[in-house]
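I have placed the structure first, in the form of structure tokens, so that the comments after it can refer back to it.
The values are calculated or read from the model by the stated rules, or taken from the named source; none is laboratory data. Remember, predicted model here, so these are calculated numbers, not experimental data. Counting neighbours? That spans all protein chains shown, and the Cβs are built from the backbone with ideal geometry, glycine included. Remember, those area values only see protein heavy atoms, side chains included, never the ligands or the DNA or RNA. Shrake-Rupley method; radii C 1.70, N 1.55, O 1.52, S 1.80 Å.
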Amino acid sequence: MKLPKNVTLFLLITFAMFLSACGKQEPTPSSASSSETKPAASARAPATPASEAVTTTANSSAPKPDINGNHVMQYVKEVVAIGSRPVGSAGHAKTEHYILSKLAGVDVEQDKFTAQTPVGKFPVNNIIAKFPGRKDGIIVVAGHYDTNYPLPKAYVGANDGGSSTALLMALADQFRGKERDGYSVWLLWTDAEEAFVTWTATDSLYGAKHLAQKWQQDGTAKKIKAFILVDMIGDADLDIQKETSSTPWLSDLVYQAATNLGYQSHFYEVRASIEDDHLPFLKIGVPAVDLIDLDYGYNNVYHHTVQDTIDKLSPQSLAITGDVVLETIRLLDGR
Ligand SMILES: [Zn+2]
């Protein structure tokens with residue numbers, strides 16, 4: 001994924017915390033301004049007005065989500081142990097097998113096609129695991145599993161590609177063998193998210209573009225209630241940005257889910273427009289949100305470098321994102 005060239009970042013509402021007599025903290029917007037700068041250089045303050053921070057307790061009897069971060073981290077370690085995973089490589093083929101091996105007994109669809117890239121034709125494979133629900137409609141949770149074609153073999157993409165692949169596996173463990181009262185949940189490991197040469201509108205998001213077109217043609221797109229994308233969500237310093245192309249109501253629902261769980265301080269401190277796998281689905285009218293922390297190391301220094309290694313990640317960050325995704329699904333089911 002990538003920040004557009006003229007990144008406009010807005011961050012900018014600072015909040016004064018007011019401790020009332022009853023001890024309840026009320027956020028109070030105090031000032032707003034705008035600037036053009038990178039996320040890491042922006043002032044640290046919540047970007048979501050207090051009015052959006054609604055807490056509801058719909059289906060409050062349901063157990064709170066409780067993803068085991070160490071369990072997710074183990075999956076990240078196994079993915080990273082494969083090595084680099086660019087499309088067309090042995091590492092990529094191993095990753096496909098690895099994902100499929102974790103989905104035994106699950107209804108799996110593979111969306112295989114040949115992508116025409118600036119450096120030739122490559123086989124691409126989106127992997128979809130389907131968990132049926134009683135409600136009419138589908139919630140998609142997606143994340144990419146490829147690593148960058150042009151980067152050296154030493155690049156393992158622990159956070160970029162590794163964290164999303166692993167979190168989807170942990171979510172599969174949550175849904176496997178259980179009947180869902182809510183919507184069907186489809187877990188989607190997207191492929192060829194990364195550019196083959198340099199990120200452009202055409203050299204990027206190959207798998208997502210292909211699948212969005214397919215789902216538009218076969219009518220699946222109309223059934224999708226929400227498309228939740230996770231990307232780079234393992235950073236120990238978790239700071240998920242408010243991605244400004246994302247569907248506003250779904251973005252707000254994620255913040256509500258985070259607030260319900262007490263994790264809102266990890267969400268939406270910074271607003272940014274980020275190009276990622278949600279865009280092709282937004283384009284065809286699917287409500288979509290990108291949960292991404294594109295502030296990986298100071299000034300995003302680890303992003304797309306061989307320093308994107310497992311020591312930068314924490315089980316807690318993986319668990320927080322996983323729990324917020326599950327809580328968002330619970331809220332969607334209750335709508
Ligand atoms: Zn990337």
Answer yes or no as to whether V230 is closer than 15 Å to R85 by Cβ and either assigned to a strand (DSSP E or B) or aliphatic (A, V, I, L, M) (or both). no
Does region 110-120 contain any residue that is touching a Leu at 6+ places or on another chain (Cβ under 7 Å) and in a strand (DSSP E or B)? yes
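Table: residues versus (1) surrounded by fewer than 19 Cβ atoms within 10 Å (Cβ to Cβ); (2) away from the ligand (no atom under 11 Å from the Cβ); (3) free of Cβ contacts under 8 Å to residues at least 60 places away in the same chain.
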site: R134; (1), (2), (3): yes, yes, yes
site: I138; (1), (2), (3): no, yes, no
site: A142; (1), (2), (3): no, yes, no
site: D146; (1), (2), (3): no, no, no
site: L151; (1), (2), (3): yes, no, no
site: V156; (1), (2), (3): no, yes, no
site: D160; (1), (2), (3): no, no, no
site: A166; (1), (2), (3): no, yes, no
site: F175; (1), (2), (3): no, yes, yes
Odd one out for E109, checked against (1) more than 22 Å from D173 (Cα to Cα); (2) away from the ligand (no atom under 16 Å from the Cβ); (3) of a type outside the set (S, T, N, Q); (4) within 22 Å of the chain's Cα centre (by Cα): (1)
Taking interchain pairs and intrachain pairs at least six residues apart, which have beta carbon atoms under 8 angstrom, with the first residue in region 247-271 and farther than 19 Å from A288 by Cα and the second small (G, A, S) and open to solvent by less than 50 Å² (accessible area, probe 1.4 Å)? T259/A53; Q264/A53; Q264/A258; H266/A258; H266/S317; E269/A45; E269/A47
Just to check your reading of the model, which residue among G219, G234, G262 is among the small types (G, A, S) and within 16 Å of the ligand (Cβ to nearest atom)? G234
Tell me, yes or no, whether region 128-138 has at least one residue that is in contact with a strand residue (DSSP E or B) (Cβ under 8 Å, 6 or more places away or on another chain) and over 25 Å from V254 (Cβ atoms). no
May I ask you to list pairs of residues, at least six apart or on different chains, whose Cβ atoms are under 8 Å apart, with the first in region 229-244 being over 22 Å from I329 (Cβ atoms) and the second being among the β-branched types (V, I, T) and more than 15 Å from the ligand (Cβ to nearest atom)? D239/V270
Meets criteria (in contact (Cβ under 8 Å) with a residue 40 or more places away in the chain, outside any helix (DSSP H, G or I) and surrounded by fewer than 22 Cβ atoms within 10 Å (Cβ to Cβ)) for K130: yes
Can you tell me how many residues in region 252-292 are hydroxyl-bearing (S, T, Y), touching a strand residue (DSSP E or B) at 6+ places or on another chain (Cβ under 9 Å) and open to solvent by 10 Å² or more (accessible area, probe 1.4 Å)? 3
Which of the residues that make up region 304-335 are more than 16 Å from L187 (Cα to Cα) and in contact with a Leu (Cβ under 7 Å, 6 or more places away or on another chain)? H304, S317, L318, I320, L331
Selected residue (criterion: nearest to D191 (Cα to Cα)) from residues of region 206-220 that are assigned to a helix (DSSP H, G or I) and open to solvent by 10 Å² or more (accessible area, probe 1.4 Å): Y206
